[in-house]
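Student: Here you go, one structure.
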Amino acid sequence: MTATATRRPSGDDVVAEGRRGNRNADDGRFVVSPQGMAARVAVLVGLLLLVLAIPVIVPDVYTNVVSRAAIYAIIALSMNVLVGYTGQVSLGHTAFVGVGAFASGYTMTELGLPFGAGIAMSAFTGAVIALGLGFVALRLAGLYLALVTIAFALFAQETLFNIRSLTGGGAGMPADRPAFLIDDTRYAYFCFFMLALVLAFDWRLTATRLGRAIRALRDDERVAASWGVDVARFKLLAFVISGILAGIAGALFASTEQIVSAQDFTFGVSLTFLSMTVVGGAGNRWGVAQGGALFAVLPTLLERAHENFHVIPFTWINARFEPAIAALLLVLTLIFYPGGIAQQQAHLLRWLSFGPWKSHGGDDDKVAGITGGSVGARP
Amino acid sequence: MGFVLRILVFGLQAGAIYALVALGIALVYKATGILNFAQGELGTIAAFSAFFVLAGGLDAEASDSKLRLILATLVAVVVGAAFGVLVNTLVVRHVAGASPVTSLVATVGVALFLTAAQTLLFETRARNFPRYIDGGFRLPLANVNVPWHTIVILVVLAGVAASLAVFFRTPYGIALLATAEEPFAAELQGVPVALMRTIAWGGAGALGALGGLLGAGFFENLQPGLMTTTFLIPAFVGAVLGGIGSLVGSAVGGLIVGASVALANQLVRTFEVDVPGPPQIAVLVVLLGVLLFKPNGLLGDRV
């Protein structure tokens, strides 16, 4: 596991209030003072309002980009269940997301069922595909599993997504929105709502025995087994959960542009999915959600900055630079901040979750980052 | 008979390039325990430098002069080796808390960056790329044309495999093996571990360059990301199939993957079934088959 010391941003004193929180005399646990509580609630409500205002604030042409940001955040959370919690690296997440997208399109267009059925179907198919890969993961770990996921994504891209009767071939498969979501702004709010559901689910997942068991697998499967964790069952469960989330994201993705085709899910996109999870900070839900949103809006941000800011570097950087910048972000994250955005925001995130601003050591300070089992196949 | 020969011919054409890339992957893996996802792009970058020499610029057409191609080859090999060393020096060595998987993801980042940089510099359009020997000959019985280029690739592959085999008998080669086996003990024995790793990455870069040149010649054109999208994954599978620590195994594995892909293509064509993407199916089946039934690979003695 890549635990490194948390780096302190220079602005340690920006919110000095947290330090005034009391230490409980009995067990030394941090207790938030009433003023601290008020400040945290105020900031949280402010952030929530800010996020909720985004679909209304942005110009209409970019509303779908906002939806895309929420969808990428869900995809990053789906990746996070495998990469962050279980320590299984998936280089082929487009397979899950793509299957979900086409399943939703097929259900609505070919079977004539409503949008809700499309989402349910995509969650189901995502789970089934992920379960299949999960069985492979029971036998393989680390690098070998990563290779299988790439090969599988390529297979999905070239074979599965080109079966004309299921995916419409090169023309693509329409995935219409229901009448009440035709409006782009409404659709963006719907995507936000789904993201909120996924975040709440993720929170419950990590807070329960199930989540602890899954995360125990990441650190050491044998130790986990010795504590009575049924390794095979929980690993499969992690894959299924990841597949369900990816499938749902796929359904939302398909209905954003209301058509989906194989070109949307080339395996390069898989590498983007992995990058955003790592840059966000594998293992931390708020980090990976931000990572997903960042990668979704990065091209648009660069283009807008290029058009509106007439200063260096924006005069010569435009959307064409996005892949290079994204790749650079990935490499720099791995070298300097293995815990990604979450590591950089460690103080803020701790403070916002009703903890102290400054760390006082202990388990909270561990930065998960990306891990991975040892090389090799287990017999 | 004709069917088998055709599969062999088509299989060797692509398979020999898979094998070259797989050799580079195996070399780095042997020395450092890292799966290098950037092995393909090291080749594409090198091939672009060769194109620059051939065309005297990025927008001109590549010259047909074979003498110039030889010069371009030398430049490309040096550039490939330099990039291999750079990837190790700038990125891989510094990856914080590196598990093998983290290092793999770091090389994914390098591959993405190299592809993105190529796209920025050279745009996405394809450029003509020459072969060392044009034309081909007709193989009797099989009724197929064998390009001389295939023979060139096979000769290069054999030469590279032989020189690597010789290299690993020399004290330097043995030091490299020791570095991989037990870096700390090697250090105690006076092996300059960091230098040995640099050599392995440089060698992998040079191998990548050969792969890139021959791969671009295979398609007779060159575009950003070429080696990653077409040859990298089958090469990985070839390396695993042969036993990833084994150089000979990687070469053989690459050839077998090539033959499997050709077989899948021929089967689909012969029986006229409408299955999209037979190469990808073959690659996935071979990978799953070898990992589930013979995880050490054909010639690998350890995982």
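Student: Estimate the FRET efficiency between B:T124 and B:W148 by the formula 1/(1 + (r/R0)^6), using the beta-carbon distance for r and 30 Å for R0, to the nearest 0.05.
Tutor: For R0 = 30 Å, the calculated efficiency reads 0.50.
Student: Under a 10 Å cutoff between Cα atoms, tell me which one of B:L195, B:L214, B:L287 has the largest fluctuation in the Gaussian network model of chain B.
Tutor: Of the options given, B:L195 has the highest mean-square fluctuation.
Student: While we're looking at this one, here's another question. Whole Å is fine, so just give me how far the alpha carbon centre of the range A:168-198 lies from that of the range B:57-135.
Tutor: Distance between centres, Cα-based: 40 Å.
Student: Also, quick follow-up: List the chymotrypsin sites (Phe, Trp or Tyr not before Pro) within the range A:141-227 that fall in a DSSP loop (any state other than H, G, I, E or B) and whose Cβ has at most 12 other Cβ atoms within 10 Å.
Tutor: Here the sparse-neighbourhood loop sites are A:W227.
Student: Once you sort the root eigenvalues of the Cα gyration tensor of the protein assembly as shown as a ≥ b ≥ c, which label holds: rounded (a/c under 1.5), prolate (a/b larger than b/c) or oblate (the other case)?
Tutor: Prolate shape, in that a/c is at least 1.5 and a/b is the bigger ratio.
Student: Give me the distance between the Cα centres of the range A:232-307 and the range A:117-151, rounded to whole Å.
Tutor: 16
Student: At most 12 other C-beta atoms within 10 Å and a DSSP loop state: those are the exposed trypsin sites (Lys or Arg not before Pro) I care about. Give me the longest piece of chain B that has none.
Tutor: Values: sites that count: B:R125, B:R169, B:R302.
My reading of the result: B:170-301 is the longest stretch.
Student: Next question. Return the long-range amide H neighbours of B:A62 (sequence gap of 5 or more, or a different chain), with a cut-off of under 5 Å between placed amide H atoms.
Tutor: Here B:N128 satisfy the definition.
Student: Quick one, could you list the DSSP H helices from chain B stretching 27 Å or more along their long axis (Cα atoms) with average Kyte-Doolittle hydropathy of 0.5 or above?
Tutor: Details: long enough: B:2-32 (43 Å, 1.70); B:66-86 (29 Å, 2.12); B:100-122 (32 Å, 1.72); B:148-167 (28 Å, 2.27); B:193-219 (39 Å, 1.36); B:247-271 (36 Å, 1.41).
In chain B, the long hydrophobic H runs are B:2-32, B:66-86, B:100-122, B:148-167, B:193-219, B:247-271.
Student: When a/c reaches 1.5 or more, the comparison of a/b and b/c decides; with that in mind, is the range A:33-357 rounded, prolate or oblate per its Cα gyration tensor?
Tutor: It is rounded, given that a/c, with a ≥ b ≥ c, falls under 1.5.
Student: Now a separate question. Taking amide H positions as placed in the peptide plane 1.01 Å from N, state which residues far from B:V144 in sequence (5 or more) or on other chains have amide H under 5 Å from it.
Tutor: Amide H neighbours of B:V144: B:L139.
Student: Show me, for the range A:322-331, the HN-Hα J-couplings you get by feeding each phi into the Karplus relation (A = 6.51, B = -1.76, C = 1.60, θ = phi - 60°), rounded to Hz, glycine and proline as x.
Tutor: Those phi angles translate into 4, x, 5, 5, 4, 5, 4, 4, 4, 5 Hz.
Student: For the modelled label position 7 Å from the Cα of A:E307 along Cα-to-Cβ, which residues of the range A:248-270 have backbone nitrogen atoms closer than 20 Å?
Tutor: A:257
Student: Going by amide H atoms built from the backbone, whose H comes under 5 Å of the H on A:I259, apart from near neighbours?
Tutor: Result for A:I259 returns A:A175.
Student: Indicate the gyration tensor shape class of the range B:81-191 (rounded, prolate or oblate), computed on the Cα atoms with a ≥ b ≥ c the square roots of the eigenvalues: a/c under 1.5 is rounded; otherwise a/b larger than b/c is prolate and the rest oblate.
Tutor: Oblate, because a/c is 1.5 or more while a/b does not exceed b/c.
Student: I would also like to ask the following. Which of the peptides B:108-116, B:160-168 is most tightly packed, and how do the rest follow, going by the mean number of other Cβ atoms within 10 Å of each residue? Intermediate results must be reported in sequence, preceding the final value.
Tutor: Values: B:108-116: 25.2, B:160-168: 14.9.
Answer by packing, highest mean first, reads B:108-116, B:160-168.
Student: In nm, to one decimal, how far is the modelled label at B:A158 from the one at B:R138, with both set 7 Å along Cα→Cβ?
Tutor: For the pair B:A158/B:R138, the computed spacing is 2.5 nm.
Student: Just checking the output field for A:322-334: average partner chain Cβ neighbours within 10 Å of each residue's Cβ?
Tutor: 6
Student: Still on this structure, please answer the following. For B:279-289, what's the mean count of beta carbons from other chains sitting within 10 Å of each residue's beta carbon?
Tutor: Across the residues of B:279-289, the mean count of other-chain Cβ atoms within 10 Å is 5.
Student: From the backbone phi of the range A:169-180, what are the Karplus-calculated ³J(HN,Hα) couplings (6.51 cos²θ - 1.76 cosθ + 1.60, θ = phi - 60°) in whole Hz, Gly and Pro given as x?
Tutor: So the J values, rounded to whole Hz, are x, x, 5, x, 10, x, 9, 5, 8, x, 4, 6.
Each reported figure results from applying straightforward, stated rules to the coordinates on display, with no laboratory input. As the structure is a prediction and not an experimental result, all values here were calculated from the model. Cβ atoms come from the backbone with ideal geometry, glycine included; neighbour counts cover every protein chain shown.
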